[in-house]
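Some notes on the structure that comes next.
The values are calculated or read from the model by the stated rules, or taken from the named source; none is laboratory data. Computed from a predicted structure; not experimentally measured. So basically every Cβ, Gly included, is an ideal-geometry build from the backbone, and we count neighbours across all protein chains shown. In case anyone asks, the SASA skips ligands and DNA or RNA and just uses the protein heavy atoms, side chains included. Shrake-Rupley method; radii C 1.70, N 1.55, O 1.52, S 1.80 Å.
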Amino acid sequence: MDSLDIRRIKPYLEKKIIKGITYYQLVRKARIDGNVKRIWSKYLGTAETIEKVYDKYEDQTSLQLSSYEYGRTAAIIKIAEELNFVDTVNEHTYKKNIDGLTVGEYLLLIILGRASGPISKNKTAEWFHDSFLDILWSFPHKLNTNNLTNQMDYITDEVMKKIEDDIAEKLVKHGIKPSILFFDTTNFFTYIEHGEDIPKKGKSKEKRYDKNLIGMGLAVSDENIPLFHETYPGNIHDSKVFTMVFDKIIDRLNTIEVPSNDMVIVFDKGCNSEKNINAILSKMHIVGSIKKNQAEELFDVPLSDFELLYTNKKEYQIMGYRVKKELFGTEFTVVVSYNSGSYKKQKLTYEKDKTNILEKLKKIKQSVEREGRGKKKKLKNALIDAAKIIPDDYKTVFLFDGTKKDNLFTYYVDTKAEQKLALTFGKNLIFSDMHDWISERIVKTYNMKDFIEKDFEWVKDVLIMPFKPVYLQKDKRIKVHSFLCVMGLLFYRYLLWKLKKQNEILSENKILEMLKKIRVALVKRDDEKPQFVFESMNMDQLRLFTEMRLETILKDSKPIV
């Protein structure tokens, strides 16, 4: 008889008295070979023991508990309150006085939902109903895609500018007064096929040349707080973007009463043009970089002529060679910086690229000069394919040609050009009109632009404030989507700035990780009033929770279940 057969037999309660004490057990019996035998039993204990177990069971089954992620959402709400985001949005938008959430609350809700992952407006409604906010925020109508996207239509270009002006003004009042601005651009590939003017094919930073792109320009302070952004069609070149936005950046600085005359703007070589440089010099100062072909002779300067500037965080020595040179019709100080760590990395990358390029060129040659059966590649197509696989920086190194008469495809490595390219590894040509700055300061200021590249990584990261995917078609809503992502990034950056001022030792990513793990539970037993209870926290989580006073988000809440 197996266990399944035994379970089918109905058990009964059996009483047993030992030394005057009554014990109980469950028993199953069966007839085996003509005799009734006990085949299973389970000891239950005394009546008092059974009563205690039953009471404990009743106690547990009467407990209702719902658990929610809390730390990250509460932190963003806390920062939004400090910067008065909701009221600022409402001040500049005009909506009928009806029951429900205001435009500012809707927009904050979209930011909060996006901070939880790359979700659509429809999924934002689902996220809301699964969050503790569904208990705190009550409104008469159902939250859905339409009433989320409809709120975005209240945000025109002019309204967006006024909101950003007011938020930037509050940042200055809180102590974030920039002396340096960092500007850079990026783009995001989308699956939008039939959009309006913004989604366009262009030079994708993510190598998705088959997809329509949305461009974004971002200006951040030396504390890495976003102060300006622009959304633009994905087919516009960086230098033209900068031409479009420079006056707007100056206007933002004037609005928040930060004089531009003594400020420095830092940007990459993609924004360079004589028109842009002259426009900047009329308003502020520059630290930028130039293309290799604009000062090729400086790469020939031996490292023995370089001076040690400083040692970076990775313990690599940063060397520099300084000259004055005319660029864009103006004399600038140019510092050639050299980083041995970057040299090793770029050399290794080149060797890998070289192997791949030569392998692909070899396959093209074999396809063109194929003998016997099989379709040969046309020489014209071979030359087109070869041009596609060689990056612009390597065009002078990997050379190829074809002879139509003999149907031959040839390729080779120009060793002189390769040696010339190797001289550029680990080097940057940095220029500035700040002639009185020492070389170390010029190089460090330029290298600080790396943190704006990290900002772009954050808005492309599915775990922080993801820009993608974009589920919108209309340009107006795409711009508002971009605006909300930048606002979310601003909230995070301001939060980190505040914690840094309080000497927080955790890294940025660790802070966000710890916040994400702070959870709250809504506990209800029988007819008692439900209560929020925070789950156990480690020391890092508890410190962040206390420093940011995150408990205040729930302090005056009255949960209803």
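Is at least one residue of segment 203-216 open to solvent by less than 30 Å² (accessible area, probe 1.4 Å) and within 25 Å of N447 (Cβ to Cβ)?
To start, the set of residues in segment 203-216 that are open to solvent by less than 30 Å² (accessible area, probe 1.4 Å) comprises 204, 212-216.
Going one step further and asking which of them are within 25 Å of N447 (Cβ to Cβ), we end up with 215-216.
There is at least one residue in segment 203-216 that is open to solvent by less than 30 Å² (accessible area, probe 1.4 Å) and within 25 Å of N447 (Cβ to Cβ).
With the requirement that a residue be of a type in the set (G, A, S) and either open to solvent by 10 Å² or more (accessible area, probe 1.4 Å) or in contact with a helix residue (DSSP H, G or I) (Cβ under 8 Å, 6 or more places away or on another chain) (or both), what does segment 455-489 give you?
If we filter segment 455-489 for residues that are of a type in the set (G, A, S), which is where we start, we get 482, 488.
Scanning segment 455-489 gives a single hit, G488.
Do we find a residue being in contact with an Asp or Glu (Cβ under 6 Å, 6 or more places away or on another chain) and on the phi > 0 side of the Ramachandran plot anywhere in segment 318-328?
yes
Could you check how many residues of segment 340-384 are over 16 Å from T403 (Cα atoms) and not in a helix (DSSP H, G or I)?
Going through segment 340-384 one residue at a time, the tally reaches 5.
If the requirement is being out of contact with any Pro (no Cβ under 9 Å at 6 or more places or on another chain), within 30 Å of V172 (Cβ to Cβ) and open to solvent by less than 10 Å² (accessible area, probe 1.4 Å), which of these qualifies: V258, V287?
Numbers: V258 fails: out of contact with any Pro (no Cβ under 9 Å at 6 or more places or on another chain).
After ruling out the rest, the residue left standing is V287.
Test of understanding: among Y446, Y411, which residue is in a helix (DSSP H, G or I), surrounded by 15 or more Cβ atoms within 10 Å (Cβ to Cβ) and hydroxyl-bearing (S, T, Y)? Steps first, answer last, please.
Numbers: Y411 fails: in a helix (DSSP H, G or I).
Unique residue meeting the criteria: Y446.
Regarding K377, is this residue surrounded by fewer than 17 Cβ atoms within 10 Å (Cβ to Cβ) and of a type outside the set (A, V, I, L, M, F, W, C)? Spell out the reasoning first.
Values: surrounded by fewer than 17 Cβ atoms within 10 Å (Cβ to Cβ): no; of a type outside the set (A, V, I, L, M, F, W, C): yes.
So K377 fails the test.
Which fully enclosed helices (runs of 4 or more DSSP H) of segment 1-91 have 3 or more residues being at pLDDT 85 or above, open to solvent by 30 Å² or more (accessible area, probe 1.4 Å) and within 30 Å of K517 (Cβ to Cβ)? Explain how you work it out, then say what you get.
Values: elements: 3-8, 47-61, 71-82.
Per the criteria, 71-82.
Quick one: L429 ticks every box in (1) crowded, with 17+ Cβ neighbours inside 10 Å; (2) of a type in the set (A, V, I, L, M); (3) farther than 30 Å from Y310 by Cβ except a single one, so which number is it?
(3)
Could you tell me which of the residues K173, K177, K162 is surrounded by fewer than 21 Cβ atoms within 10 Å (Cβ to Cβ) and free of Cβ contacts under 8 Å to residues at least 12 places away in the same chain? Break it down stepwise before answering.
On the way: K177 fails: free of Cβ contacts under 8 Å to residues at least 12 places away in the same chain; K162 fails: free of Cβ contacts under 8 Å to residues at least 12 places away in the same chain.
When all the criteria are applied, what remains is K173.
Does E440 satisfy being open to solvent by 10 Å² or more (accessible area, probe 1.4 Å), touching a strand residue (DSSP E or B) at 6+ places or on another chain (Cβ under 6 Å), touching a residue at least 60 places away in the same chain (Cβ under 8 Å) and part of a helix (DSSP H, G or I)? Explain how you work it out, then say what you get.
Details: open to solvent by 10 Å² or more (accessible area, probe 1.4 Å): yes; touching a strand residue (DSSP E or B) at 6+ places or on another chain (Cβ under 6 Å): yes; touching a residue at least 60 places away in the same chain (Cβ under 8 Å): yes; part of a helix (DSSP H, G or I): yes.
It is true that E440 is open to solvent by 10 Å² or more (accessible area, probe 1.4 Å), touching a strand residue (DSSP E or B) at 6+ places or on another chain (Cβ under 6 Å), touching a residue at least 60 places away in the same chain (Cβ under 8 Å) and part of a helix (DSSP H, G or I).
Identify all residues within segment 180-197 that are over 28 Å from K269 (Cβ atoms), open to solvent by less than 50 Å² (accessible area, probe 1.4 Å) and not small (G, A, S); write none if there are none. Walk me through how you get there before you give the answer.
In the first step, residues of segment 180-197 are kept if they are over 28 Å from K269 (Cβ atoms); the result is 191-196.
Add one more test, that the residue is open to solvent by less than 50 Å² (accessible area, probe 1.4 Å), and what stays is 192, 195.
I192, the sole residue that qualifies.
Which one is most open to solvent (accessible area, probe 1.4 Å) among residues in segment 322-338 that are touching a residue at least 60 places away in the same chain (Cβ under 8 Å) and among the aromatic types (F, W, Y)?
Y338
When segment 232-267 is examined, which residues are found to be out of contact with any Ser or Thr (no Cβ under 8 Å at 6 or more places or on another chain), outside any strand (DSSP E or B) and of a type in the set (A, V, I, L, M)?
Scanning segment 232-267 gives I236, M244, V245, I249, I256, V258.
I want to confirm something. Restricting to segment 245-261 and keeping residues that are aliphatic (A, V, I, L, M) and in contact with a strand residue (DSSP E or B) (Cβ under 7 Å, 6 or more places away or on another chain), which single residue is farthest from K283 (Cα to Cα)?
The residue in question is V245.
Please name all residue pairs, on different chains or six or more residues apart, with Cβ atoms under 8 Å, provided the first residue is in segment 114-137 and is of a type in the set (A, V, I, L, M) and the second residue is buried (at least 19 other Cβ atoms within 10 Å of the Cβ) and assigned to a loop (DSSP other than H, G, I, E, B).
Matching pairs, first to second residue: A115/I464; A115/M465; A125/L143.
Just one of the numbered conditions (1) closer than 30 Å to L327 by Cα; (2) at pLDDT 90 or above is not true of K388; which one?
Evaluating K388 over (1) closer than 30 Å to L327 by Cα; (2) at pLDDT 90 or above leaves (1) as the failure.
Residues that are touching a Lys or Arg at 6+ places or on another chain (Cβ under 9 Å), farther than 30 Å from D251 by Cβ and aliphatic (A, V, I, L, M), at least 1 per element: which helices (runs of 4 or more DSSP H) completely within segment 121-223 meet that? Can you show your working first?
Numbers: elements: 121-129, 133-136, 145-152, 157-173.
Qualifying helices (runs of 4 or more DSSP H): 121-129, 133-136, 145-152.
Would you confirm whether any residue within segment 422-432 is in a strand (DSSP E or B), closer than 28 Å to K324 by Cβ and touching a helix residue (DSSP H, G or I) at 6+ places or on another chain (Cβ under 6 Å)? Can you show your working first?
Looking only at segment 422-432, we keep the residues that are in a strand (DSSP E or B), and these are 427-432.
Keeping just the survivors that are closer than 28 Å to K324 by Cβ gives 427-432.
Going one step further and asking which of them are touching a helix residue (DSSP H, G or I) at 6+ places or on another chain (Cβ under 6 Å), we end up with 430, 432.
Checking segment 422-432: at least one residue is in a strand (DSSP E or B), closer than 28 Å to K324 by Cβ and touching a helix residue (DSSP H, G or I) at 6+ places or on another chain (Cβ under 6 Å).
Among the numbered criteria (1) open to solvent by 10 Å² or more (accessible area, probe 1.4 Å); (2) more than 17 Å from V486 (Cα to Cα), which single criterion is violated by L143?
Of the numbered conditions (1) open to solvent by 10 Å² or more (accessible area, probe 1.4 Å); (2) more than 17 Å from V486 (Cα to Cα), the odd one out for L143 is (1).
Examine segment 301-321 for a residue that is part of a helix (DSSP H, G or I), open to solvent by 40 Å² or more (accessible area, probe 1.4 Å) and not hydroxyl-bearing (S, T, Y), and state whether such a residue exists.
Quick first cut of segment 301-321, residues part of a helix (DSSP H, G or I) only: 303-305.
Subsequent filtering for residues that are open to solvent by 40 Å² or more (accessible area, probe 1.4 Å) retains 303-305.
Within this subset, residues satisfying the condition of being not hydroxyl-bearing (S, T, Y) are 303, 305.
There is at least one residue in segment 301-321 that is part of a helix (DSSP H, G or I), open to solvent by 40 Å² or more (accessible area, probe 1.4 Å) and not hydroxyl-bearing (S, T, Y).
Within the group T102, T124, which residue is among the polar types (S, T, N, Q), surrounded by 20 or more Cβ atoms within 10 Å (Cβ to Cβ) and under 27 Å from T552 (Cα atoms)? Write out each step before concluding.
Working: T102 fails: surrounded by 20 or more Cβ atoms within 10 Å (Cβ to Cβ).
Answer to the selection: T124.
Pull up segment 127-140, narrow it to residues that are aromatic (F, W, Y), under 24 Å from R519 (Cα atoms) and more than 22 Å from the chain's Cα centre (by Cα), then point me to the one that is most open to solvent (accessible area, probe 1.4 Å). Reasoning before the result, please.
Applying the first criterion (aromatic (F, W, Y)) to segment 127-140 yields 127-128, 132, 137, 139.
After this cut, where a residue has to be under 24 Å from R519 (Cα atoms) as well, the list is 127-128, 132, 137.
Those left that are additionally more than 22 Å from the chain's Cα centre (by Cα): 132, 137.
Numbers: F132: 1, W137: 54 Å².
The selected residue is W137.
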